[in-house]
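The values are calculated or read from the model by the stated rules, or taken from the named source; none is laboratory data. Fair warning: this is a prediction, and the values are worked out from it, not measured in the lab. Here the Cβ is made from the backbone with ideal geometry for all residues, glycine too, and neighbour counts use every protein chain on show. The area values use the complete protein model at the heavy-atom level, side chains included, leaving out ligands, DNA and RNA. Shrake-Rupley method; radii C 1.70, N 1.55, O 1.52, S 1.80 Å.
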Amino acid sequence: MSGEIISAENLTKTFKGVVALDKLNFEMAAGNLTAMIGPDGAGKTTFMRLVTGLMTPTEGTLEVFGKNIRGNEQEIQSFISYMPQKFGLYEDLSVAENMNLYADLHGVKKDLRRERFAHLLEMTGLTKFTARLAGKLSGGMKQKLGLACTLVRSPKLLLLDEPTVGVDPLSRRELWEIIQQLIAEENLSVLVNTAYMDEAELCEKVYVINHGRILKSGSPAEIKSVAQGRCFKIKTPPNVPTRVLQSILLDDKANVVDSVPEGNFVRFIGAENFDAKNFHLPIEKIPARLEDGMMILLHKDNPNVAAANRMKKLSLDEKYAASNDIDIEVKDLVRKFGDFTAVDKTSFQVHRGEVFGLLGPNGAGKTTTFRMLCGLLPMTDGVNLRTARTQARANIGYVAQKFSLYGNLTVAENLNFFGGVYGLSGAHLKNRIAAVLEEFNLTGHENDTAGDLPGGYKQRLSMAAALIHEPKILFLDEPTSGIDPLARRNFWRQITDLSAKGTTIIITTHFMEEAEYCDRMMIQDHGKLLAIGRPQDIRAEFGNENSTMNEIFISIVERSRGDSK
């Protein structure tokens, strides 16, 4: 345990008999940028909280700055800055007031604040917004302010727990530029938990964790090597959504470990004994990615992990074209808040059975559009649902950005309550509760308190509650924000199943690769529509077949902002 800023040996943490960390071994050198990746509930946050001294190990040894965490918590905390998943900004205080409050809490002297604050505000792009209330900032700006407040003093070790959750690609890139600048300027050591594999790629060392155990550690290249020679892509047949081919491949558990849509192709990982000669469609071998290595490790550790049990088996022979019938029609939609225009003359249609993506930076107007379509927010002008609003609401399911169920109720109690709200009762309600519990792999968790569930399970419960009355239209507002790649696969397998059964789905997401699952998508910024069409058409217009959707999104938004200057 010499020369390491963090060193753990056989570190174990249990909560009421439940093992959160299981004899974990971990080393992090000073000056390094290190990532922990893995599913929800794997133990990443627990480990961070142990490092900060906010929790005490059950067994094993944990040293930080060469000192045992036991008995040295306060001394160690004086050298650490920690940004948790839900950083506590005070929304009724201004940017400057929040920073001063955290400086007071950390005992930062007044004469040191001017230069430190000026530097942090310049790096985060908040210099012009010091008087703005935190509650009036966009999601990306709130995360930047949270980072600035975390760094009001210069620490030796910075701990970031999912710092870019709910943040658009542009803001994510800017946040990471800030982090890398701080590492270079202040020789910071940084440990980050992240659900974004491109962020983990930026780190010198990556730990893959599951069930409280380290499955593998090493450089991003070393994690990738786990999947080398096992990654392929397959062209999607005409008139078949890529998400359908992806689901068919996921169901082929004998040959396929994982699959994801990518342009007009689906990329997949072959099983350990996969033989391309025996595969029924032409395929092409491709280089492995960090995520591929992680997915193989997780698959080995969870060989029985699968999507929900009641999934419909899909076939390439079925017809998947969305109906010509229009479920939602929007003409010149406008929403103003005083002098501010959140949505500016937006028009689009969504067809029955279609998966339609709404994409845009934080503050682009996506959630405002959603809330108007659901009848939760009055429009200023121009929206037309195909049916009367009261009737439309009965046919709508809605999953909000933030977990909005009752945290103090159990899973079953939440489903019973929301079923009643939607007018279900008696045997019908009982049957629907049993059905959604099975459909979203919540069977066995009926008596778990909703607020204590890991993020992926909360998302499943939100989906179950939104679908308990079998709505015709489902609105999903950033439903995968903060959940890991494994949980996102299962989520999209469920969306594919719902779409195949005729449910119309409108979704927003900050994971740009998820745009590949959509039949069509729309990109907006500052309330204006910038692009609309099939993912492959938008890729052809604004990039090329090798461009990632992340790159195309950034290009479209930056081009629009450049033209408007």
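Evaluate the following for K300: is it over 25 Å from A35 (Cα atoms) and part of a helix (DSSP H, G or I)?
Details: over 25 Å from A35 (Cα atoms): no; part of a helix (DSSP H, G or I): yes.
Against the criterion (over 25 Å from A35 (Cα atoms) and part of a helix (DSSP H, G or I)), K300 does not qualify.
Got a number for residues in region 237-255 being surrounded by fewer than 21 Cβ atoms within 10 Å (Cβ to Cβ) and without any contact (Cβ under 8 Å) to a residue 40 or more places away in the chain? Working first, answer last.
Here is the first cut: in region 237-255, the residues surrounded by fewer than 21 Cβ atoms within 10 Å (Cβ to Cβ) are 237-240, 248, 251-255.
If we keep only those that are without any contact (Cβ under 8 Å) to a residue 40 or more places away in the chain too, we end up with 238, 252, 254-255.
Within region 237-255, residues that are surrounded by fewer than 21 Cβ atoms within 10 Å (Cβ to Cβ) and without any contact (Cβ under 8 Å) to a residue 40 or more places away in the chain number 4.
Checking G60 against (1) within 26 Å of D484 (Cβ to Cβ); (2) within 29 Å of the chain's Cα centre (by Cα): exactly one of these is not met. Which one?
For G60, the failing item is (2).
Anything in region 395-434 that is closer than 27 Å to D327 by Cβ, open to solvent by 30 Å² or more (accessible area, probe 1.4 Å), in contact (Cβ under 8 Å) with a residue 40 or more places away in the chain and more than 23 Å from the chain's Cα centre (by Cα)? List them, or say none.
Residues satisfying the conditions are N395, F418, Y422, G423.
Please list, ordered by residue number, the strands (runs of 3 or more DSSP E) wholly in region 125-226 having 2 or more residues that are open to solvent by 60 Å² or more (accessible area, probe 1.4 Å).
Because the criterion is at least 2 residues that are open to solvent by 60 Å² or more (accessible area, probe 1.4 Å), the strands (runs of 3 or more DSSP E) in region 125-226 that meet it are 213-218.
Restricting the search to region 190-211, which residues are of a type in the set (G, A, S) and modelled with pLDDT of 95 or more? Talk me through it step by step, then tell me what you get.
The initial filter retains those residues of region 190-211 that are of a type in the set (G, A, S), namely 195, 200.
Of everything in region 190-211, just one residue is of a type in the set (G, A, S) and modelled with pLDDT of 95 or more, namely A200.
Given the options N490, N546, name the one that is modelled with pLDDT under 85 and either small (G, A, S) or more than 27 Å from K44 (Cβ to Cβ) (or both).
Details: N490 fails: either small (G, A, S) or more than 27 Å from K44 (Cβ to Cβ) (or both).
Selected residue: N546, the only one of N490, N546 that is modelled with pLDDT under 85 and either small (G, A, S) or more than 27 Å from K44 (Cβ to Cβ) (or both).
Quick check on region 499-509. Is at least one of its residues among the charged types (D, E, K, R), buried (at least 21 other Cβ atoms within 10 Å of the Cβ) and either in contact with a helix residue (DSSP H, G or I) (Cβ under 8 Å, 6 or more places away or on another chain) or more than 26 Å from S138 (Cβ to Cβ) (or both)?
First, pick out the residues of region 499-509 that are among the charged types (D, E, K, R): 501.
Okay, now just the ones that are also buried (at least 21 other Cβ atoms within 10 Å of the Cβ), so none.
The answer is no, given that none of the residues of region 499-509 is among the charged types (D, E, K, R), buried (at least 21 other Cβ atoms within 10 Å of the Cβ) and either in contact with a helix residue (DSSP H, G or I) (Cβ under 8 Å, 6 or more places away or on another chain) or more than 26 Å from S138 (Cβ to Cβ) (or both).
For region 23-61, how many residues are acidic (D, E) and modelled with pLDDT under 95? Working first, answer last.
From region 23-61, those acidic (D, E) are 27, 40, 59; that's our starting set.
Filter once more, keeping what is modelled with pLDDT under 95: 40.
Total satisfying the criteria: 1.
Are any residues in region 349-366 surrounded by fewer than 21 Cβ atoms within 10 Å (Cβ to Cβ), of a type outside the set (G, A, S) and within 20 Å of the chain's Cα centre (by Cα), and if so, which ones? First the steps, then the outcome.
So in region 349-366, the residues surrounded by fewer than 21 Cβ atoms within 10 Å (Cβ to Cβ) come out as 349, 351-352, 362-363.
With of a type outside the set (G, A, S) added as a condition, the list becomes 349, 351-352, 362.
Correct list: N362 only.
Just give me the residues in region 381-401 being outside any strand (DSSP E or B), at pLDDT 65 or above and farther than 13 Å from I328 by Cβ, in sequence order.
Correct list: A394, A400, Q401.
Here are S81, S7: which of them is among the hydroxyl-bearing types (S, T, Y), in contact with a helix residue (DSSP H, G or I) (Cβ under 7 Å, 6 or more places away or on another chain) and open to solvent by less than 20 Å² (accessible area, probe 1.4 Å)? Full working, then the answer.
On the way: S7 fails: in contact with a helix residue (DSSP H, G or I) (Cβ under 7 Å, 6 or more places away or on another chain).
Of the residues listed, the single one that is among the hydroxyl-bearing types (S, T, Y), in contact with a helix residue (DSSP H, G or I) (Cβ under 7 Å, 6 or more places away or on another chain) and open to solvent by less than 20 Å² (accessible area, probe 1.4 Å) is S81.
Looking at region 276-287, I want the residues that are in a loop (DSSP other than H, G, I, E, B) and have a partner that is surrounded by 12 or more Cβ atoms within 10 Å (Cβ to Cβ) and β-branched (V, I, T) with Cβ atoms under 7 Å, at least 6 apart or on another chain. Which pairs are those?
L281/I234; I283/I234
Okay, residues lined up against (1) open to solvent by 30 Å² or more (accessible area, probe 1.4 Å); (2) modelled with pLDDT under 75; (3) not hydrophobic (A, V, I, L, M, F, W, C):
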position	(1), (2), (3)
L297	no, no, no
K300	yes, no, yes
N304	yes, yes, yes
A307	no, yes, no
S315	yes, no, yes
I328	no, no, no
L333	no, no, no
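Quick check: anything in region 216-233 closer than 30 Å to G365 by Cβ and aromatic (F, W, Y)? Give the derivation first.
Taking region 216-233 first, the residues closer than 30 Å to G365 by Cβ are none.
No.
Filter region 477-494 for residues that are within 15 Å of G139 (Cα to Cα) and of a type in the set (S, T, N, Q) and give the result.
S481
Could you list all residues from region 180-229 that are among the aliphatic types (A, V, I, L, M) and under 19 Å from Q85 (Cβ atoms)? Don't jump to the end; show me each part of the working.
So the first thing to find is which residues in region 180-229 are among the aliphatic types (A, V, I, L, M), and the list is 182-184, 188, 190-192, 195, 197, 200, 202, 206, 208-209, 214-215, 221, 223, 226-227.
V190, L191, V192, A195, M197, A200, I209, listed by residue number.
Enumerate the pairs (first residue in region 453-472 and open to solvent by less than 20 Å² (accessible area, probe 1.4 Å); second residue anywhere and among the hydroxyl-bearing types (S, T, Y) and not in a helix (DSSP H, G or I)) with beta-carbon separation below 8 Å, excluding pairs fewer than 6 apart on the same chain, so at least 6 apart or on different chains.
So the pair list comes out as Q459/T480; S462/S404; A466/Y398; I468/Y422; P471/T503.
Looking at region 21-43, which of its residues are closer than 30 Å to F491 by Cα and open to solvent by 20 Å² or more (accessible area, probe 1.4 Å)? Outline the logic, then answer.
Taking region 21-43 and keeping what is closer than 30 Å to F491 by Cα, we get 21-22, 24, 34-43.
Answer for region 21-43, where residues must be closer than 30 Å to F491 by Cα and open to solvent by 20 Å² or more (accessible area, probe 1.4 Å): D22, D40, G41.
Taking E446 as meeting all but one of (1) more than 16 Å from the chain's Cα centre (by Cα); (2) more than 16 Å from G419 (Cβ to Cβ); (3) open to solvent by 10 Å² or more (accessible area, probe 1.4 Å), write down the number of the exception.
(2)
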